[in-house]
Amino acid sequence: MRYISTRGNAPALNFEDVLLAGLASDGGLYVPENLPRFTQEEIASWAGLPYHELAFRVMRPFVEGSISDTDFKQILEETYGAFAHSAVAPLRQLNANEWVMELFHGPTLAFKDFALQLLGRLLDHILLKRDERVVIIGATSGDTGSAAIEGCRRCENVDIFILHPHQRVSEVQRRQMTTILGENIHNIAIEGNFDDCQEMVKASFADQSFLKGTRLVAVNSINWARIMAQIVYYFHAALQLGAPARSVAFSVPTGNFGDIFAGYLARNMGLPVSQLVVATNRNDILHRFMSGNQYFKETLHASLSPSMDIMVSSNFERLLFDLHGRNGVALAELMSTFKATGKLSVEEDRWVEARKLFDSLAVSDEDTCATIADVFKRTGEVLDPHTAIGVKAARECRRNLSTPMVVLGTAHPVKFPDAVEKAGIGKALELPAHLSDLFQREERCTVLPNAIEAVQAFVAQHGNRGRPL
Ligand SMILES: *Cc1c(COP(=O)(O)O)cnc(C)c1O
């Protein structure tokens with residue numbers, strides 16, 4: 001499989017190189033040159049497969065030529081064997097023809113484990129083969145950091161530096177990062193906000209001279225491997241609900257348009273997905289596009305669903321590429337307009353095309369809490385605030401009551417106790433068994449000033465398993 005840039009002016013790469021790449025050299029994002037397409041018979045024959053075996057069938061075309069079948073099967077079995085629930089992504093019914101797909105049974109209790117547990121193992125495999133070392137620098141407002149650290153903790157040839165805003169992540173989230181100890185793991189608390197952290201990561205990708213030749217790898221969802229891993233669970237859920245004989249709809253709590261883009265790809269690969277609901281909080285740039293063809297930056301608002309607090313959705317460019325007939329030149333032009341003016345809209349027929357599949361809703365903090373309370377009252381289930389936004393949007397936007405609706409349950413509620421408490425759920429939430437001693441564990445973290453020189457000097461000093469690069 002070859003991968004091309006959405007802006008049409010960077011070299012095509014194979015899977016191995018795309019895994020190790022960040023942005024393409026033309027500023028675009030990598031996407032498969034030709035998406036694999038499965039027949040209905042093929043998809044039907046996968047019913048009842050264990051998660052890792054389904055994962056092998058769905059993802060095999062993407063890694064072909066870079067990883068052998070035997071190695072890939074083993075990597076997938078290890079990755080998903082480490083999840084706490086033996087069904088890996090179980091469905092829980094909330095209402096008539098309405099389900100939550102629980103994607104929070106991985107080690108860090110959010111859906112990001114599905115991709116980052118795999119990414120770590122893929123990196124390890126490829127770097128050992130190439131006898132190469134890499135450095136990862138990532139910014140997190142919470143979930144990505146812990147999932148990336150958990151995914152890479154056992155990687156021989158990876159040193160990982162995660163930047164989080166000092167005293168601005170929840171205690172559970174911080175401890176999930178800082179209690180994983182290892183000479184290749186470095187938590188840095190920046191005396192600034194999340195955007196400051198993000199800017200430092202971007203600047204480090206733009207000028208890598210401080211790394212003295214060591215390659216820098218991205219762990220946010222611009223990395224293709226993250227999207228790839230997320231395609232699998234759409235197949236998994238749909239197969240259990242009668243696909244491919246029956247269509248299925250999905251509602252996806254979204255910020256960077258990564259998770260929902262994976263659902264869009266599943267549909268283009270042959271899965272009968274009849275509707276995708278974009279569920280946002282009040283940071284609603286995606287809702288503004290889907291409802292009115294207006295994609296523009298606004299100020300950032302802190303919400304009860306912090307993992308979706310974004311101003312711009314980095315993966316949206318991948319959808320725009322398809323909406324423009326995969327014309328890289330047109331995309332480069334569109335994105336340069338966006339860069340210059342902070343806004344874009346597309347031609348009416350392209351937007352109408354997108355609306356055939358996508359609906360959207362922006363959900364306020366009040367409605368998020370009301371949904372958590374309502375679901376708890378009716379079913380006894382406690383939803384996390386991100387998942388609650390997905391449920392609310394599913395209920396408002398649903399097109400057909402006889403089509404099963406699956407809401408992506410993106411995090412365990414114990415990660416977001418504030419929202420659960422605000423919703424008036426009197427019941428104390430317990431950490432799952434593997435994290436029950438989280439508050440007693442030793443923490444390791446370095447606080448640095450909000451200055452890129454300090455961060456880059458720290459990386460250069462510790463980037464080789466705690467030793468200088
Ligand atoms: C990251 C995250 C999201 C948003 O996912 P995107 O792929 O960026 O759209 C939603 N919910 C939770 C809990 C997350 O951690």
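Label-point separation (nm) for Asn95 and Leu357, each offset 7 Å from Cα along Cα-to-Cβ?
About 2.5 nm, to one decimal.
When only alpha-carbon atoms count, how far does segment 368-457 stretch along each of its three principal axes, as whole angstroms with the largest first?
58, 31, 23
Taking R0 as 45 Å, what FRET efficiency do you get between Arg60 and Leu431 from their Cβ-Cβ distance, rounded to the nearest 0.05? Don't jump to the answer; show the numbers that get you there.
Values: r = 36 Å, r/R0 = 0.80.
Efficiency for this residue pair is about 0.80.
Only helices at least 24 Å long along their axis, Cα-based, and averaging -1.0 or more on Kyte-Doolittle count here, so list those DSSP H runs from the chain.
Values: long enough: 112-130 (27 Å, 0.25); 224-240 (26 Å, 0.63).
Membrane-span-like by this criterion, though nothing is claimed about a membrane: 112-130, 224-240.
Explain nothing, just the number: relative contact order of the chain, from Cα pairs under 8 Å at least 6 residues apart, as a whole percent.
Values: 909 pairs, mean separation 90.1, N = 469.
Computed over the chain, the figure is 19 percent.
Take the solvent-accessible surface of the protein heavy atoms, probe 1.4 Å, and return the percent of it on segment 1-123 that carbon and sulfur atoms account for.
Details: 2170 of 4740 Å².
Carbon and sulfur atoms account for 46 percent of the accessible area of segment 1-123.
Could you check the simple spin-label distance between Glu453 and Thr70, using points 7 Å along Cα→Cβ, in nm with one decimal?
5.4
For segment 69-181, what value does the Rg/Rh ratio take when both radii are computed over Cα atoms and Rh is the Kirkwood radius, given to two decimals? Walk me through the numbers on the way to the answer.
Working: Rg = 15.7 Å, Rh = 15.3 Å.
Taking Rg over the Kirkwood Rh, I get 1.03.
Across every pair of different alpha-carbon atoms, what Kirkwood hydrodynamic radius in Å does segment 1-112 reach?
On the way: mean 1/r = 0.0608 Å⁻¹.
Evaluated over segment 1-112, this radius sits at 16.4 Å.
Multiplying the sequence separation of Ser291 and Arg467 by 0.36 nm and subtracting their Cα-Cα distance, what value in nm do you get? Walk me through the numbers before you get to the answer.
Values: separation 176, 0.36 × 176 = 63.36 nm, distance 5.15 nm.
Extra length from Ser291 to Arg467 when fully extended: 58.2 nm.
Mind pulling up the Rg/Rh value for segment 122-239? Radius of gyration and Kirkwood radius, both on Cα. If you can, show how the numbers build up before the last one.
On the way: Rg = 15.0 Å, Rh = 15.2 Å.
Rg divided by Rh gives 0.99.
Please calculate the 1.4 Å probe accessible area of Lys427, with all protein chains present, and give it to the nearest 10 Å².
About 100 Å², rounded to the nearest 10.
Which distance in Å, rounded to a whole number, links the C-alpha centroids of segment 393-469 and segment 168-200?
11
How much accessible area per residue does segment 343-395 have, counting only protein heavy atoms and a probe of 1.4 Å, in square angstrom? Let's see the in-between values first.
Details: 2300 Å² over 53 residues.
Accessible surface, normalised per residue, equals 43 Å².
Using a 1.4 Å probe, what is the accessible area per residue for segment 32-74, in Å²? Working shown, then result.
On the way: 2220 Å² over 43 residues.
Here the residues of segment 32-74 average 52 Å² of exposed surface.
Bins of 10 Å, beginning at zero and ending with the bin holding the largest distance: percent of Cα pairs per bin for the chain, please.
Pairs per bin, as whole percents: 4, 21, 33, 29, 12, 1, 0.
List the residues of segment 403-423 whose backbone N lies under 15 Å from a point placed 7 Å from the Cα of Ser170 along the Cα-to-Cβ direction.
410-423
Taking 1 over the mean of 1/r across every pair of different Cα atoms in segment 171-225, what Kirkwood radius in Å do you get? Walk me through the numbers on the way to the answer.
Working: mean 1/r = 0.0743 Å⁻¹.
This gives a value of 13.5 Å.
Rank these residues by their accessible area, most exposed first, probe 1.4 Å: Ser360, Ser141.
Numbers: Ser360 15, Ser141 45 Å².
Result of the area sort, largest leading: Ser141, Ser360.
The values are calculated or read from the model by the stated rules, or taken from the named source; none is laboratory data. Bear in mind that the values here come from a model prediction, so they are computed numbers and not experimental data. Cβ coordinates were reconstructed from backbone atoms using ideal geometry, including for glycine residues, and neighbour counts include every protein chain displayed. Keep in mind that these areas ignore ligands, DNA and RNA; they rest on the heavy atoms of the full protein, side chains included. Shrake-Rupley method; radii C 1.70, N 1.55, O 1.52, S 1.80 Å.
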